[in-house]
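Computed from the coordinates by the stated procedures, all read-outs in this text should not be read as laboratory data. Owing to the predicted nature of the structure, the values given are computational and were not obtained by experimental measurement. Cβ coordinates were reconstructed from backbone atoms using ideal geometry, including for glycine residues, and neighbour counts include every protein chain displayed.
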Amino acid sequence: MRSTRDFLTGIITGVVIGILTAPRSGKETRDKLTEEASKRTDGLKDQLQKGVSQVKEGFEQAKSQVGQYADKAKDQYNQYKDQAQETINDKKDDFATKYNNKVDELADDAKAGVEDSKDSIKVS
């Protein structure tokens with residue numbers, strides 16, 4: 001930034017010295033200085049507008065990329081969430097099946113025990 005400012009200062013100084021040392025009347029010199037200042041001001045305004053435009057464009061690109069990354073992260077989160085829920089449901093179903101089988105087995109054992117007890121009471 002400093003080197004650009006120094007460069008511009010050097011150019012402006014050179015132009016002013018060149019205009020002031022040229023053999024013209026005071027009015028012509030003032031008109032020429034005003035004209036040169038206007039040209040330089042217009043050039044700087046154009047550069048400023050280009051810079052602002054580039055910054056806005058960069059901001060919009062960054063904003064778009066952040067949105068894309070957020071969408072990807074959200075999709076990934078939902079995928080992991082769905083996988084975890086599926087695993088939980090599978091384990092829950094597996095546990096319920098094992099639990100029910102064990103209850104059925106115990107009920108069958110209890111029924112067999114009751115039947116055995118009835119048989120032994122009848123025999124005695």
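How far is the Cα center of the range 9-81 from the Cα center of the range 83-124, in Å? Between the Cα centres of the range 9-81 and the range 83-124 lies a distance of 81 Å. Each residue of the range 46-52 is assigned a 3J(HN,Hα), and the resulting list reads 4, 5, 5, 4, 4, x, 4 Hz, derived from the Karplus form 6.51 cos²θ - 1.76 cosθ + 1.60 (θ = phi - 60°), x at Gly and Pro.
Tally Lys and Arg at +1 and Asp and Glu at -1 over the other residues with C-beta under 14 Å from the C-beta of residue 13: what net charge comes out? Charge balance in the 14 Å sphere: 0. One quarter of the convex hull surface built on the alpha carbon atoms of the range 2-123 amounts to 13.1 nm², the projected area averaged over directions. Along the range 111-117 the Karplus relation, 6.51 cos²θ - 1.76 cosθ + 1.60 evaluated at θ = phi - 60°, assigns HN-Hα couplings of 4, 5, x, 5, 4, 4, 5 Hz to successive residues, with x for each Gly and Pro.
Computed from Cα positions, the angle between helix 2-21 and the longest principal axis of the chain comes to roughly 20 degrees.
Rounded to the nearest 500, the 222 nm mean residue ellipticity of the chain from helices alone is -36000 deg cm²/dmol, with -39,500 (n - 2.57) taken per DSSP H run of at least 4 residues.
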